1. Any idea which of (1) assigned to a loop (DSSP other than H, G, I, E, B); (2) surrounded by fewer than 12 Cβ atoms within 10 Å (Cβ to Cβ) is the one ASP55 doesn't satisfy?
2. Filtering the range 20-59 down to residues that are over 23 Å from ILE95 (Cβ atoms) and touching a residue at least 24 places away in the same chain (Cβ under 8 Å), which residue is farthest from the chain's Cα centre (by Cα)?
3. Quick check on my filter: what residues within the range 90-107 are surrounded by 19 or more Cβ atoms within 10 Å (Cβ to Cβ) and over 11 Å from the mean Cα position of the chain (by Cα)?
4. So, in the range 9-30, exactly how many residues are more than 18 Å from ILE72 (Cα to Cα) and crowded, with 16+ Cβ neighbours inside 10 Å?
5. Can you tell me which residue among ASP116, ASP98 is over 15 Å from MET1 (Cβ atoms), assigned to a helix (DSSP H, G or I) and modelled with pLDDT under 95?
6. Looking only at the range 68-82, decide whether some residue is surrounded by 13 or more Cβ atoms within 10 Å (Cβ to Cβ), at pLDDT 90 or above and in contact with an Asp or Glu (Cβ under 9 Å, 6 or more places away or on another chain).
7. Applying the selection to the range 58-89, what residues are assigned to a loop (DSSP other than H, G, I, E, B) and closer than 27 Å to VAL21 by Cβ?
8. Report yes if TYR44 is modelled with pLDDT of 90 or more and within 21 Å of ILE114 (Cα to Cα), otherwise no.
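The values are calculated or read from the model by the stated rules, or taken from the named source; none is laboratory data. What you are looking at is a predicted structure, and each value in this text was computed from that prediction instead of being measured. Virtual Cβ from ideal backbone geometry, glycine too; neighbours counted across all protein chains shown.
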Amino acid sequence: MQLLNNIPEIEELALPLCTAVNIVELLVEPFGTLDKARQFWQDYPCTLVCITKHDTPSTALASLSDELLHAIEIAENEPEFVEFLSTGYQLSLTITNDEGNGLYLVKPTQLGAINDNTSTN
């Protein structure tokens with residue numbers, strides 16, 4: 001699992017190359033350019049959580065804060081959008097406050113819901 005607070009370089013993502021390219025393109029798309037996207041993330045910090053096909057979600061998520069687990073749960077249950085990638089991954093977004101900060105969750109589509117692993121109760 002990766003936890004990033006910036007828009008990564010493609011090579012930084014522990015994902016298949018095609019998936020990493022798709023993810024970075026989707027992160028940049030709303031802003032038009034990579035520079036504008038990076039500036040937004042600097043002004044309004046966002047989080048990118050990447051769960052790979054090699055991760056065990058319960059183990060990977062165990063060390064995260066309750067606040068981050070809650071944001072992941074919202075990204076699972078009430079996302080702003082979900083983008084299904086042809087590589088067997090999906091990207092979902094939840095906006096975490098009125099300023100526009102957000103949490104992007106990348107996970108294998110086959111993983112299904114990770115809600116049982118993100119419960120904060």
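1. Just one mismatch for ASP55, condition (2).
2. SER58
3. Result: THR96, single match.
4. Total meeting the criteria: 8.
5. The conditions single out ASP116.
6. no
7. Once the filter is applied, which keeps residues that are assigned to a loop (DSSP other than H, G, I, E, B) and closer than 27 Å to VAL21 by Cβ, the range 58-89 yields LEU64, PRO79, GLU80, LEU85, SER86, THR87, GLY88.
8. For TYR44, the condition - modelled with pLDDT of 90 or more and within 21 Å of ILE114 (Cα to Cα) - is not met.
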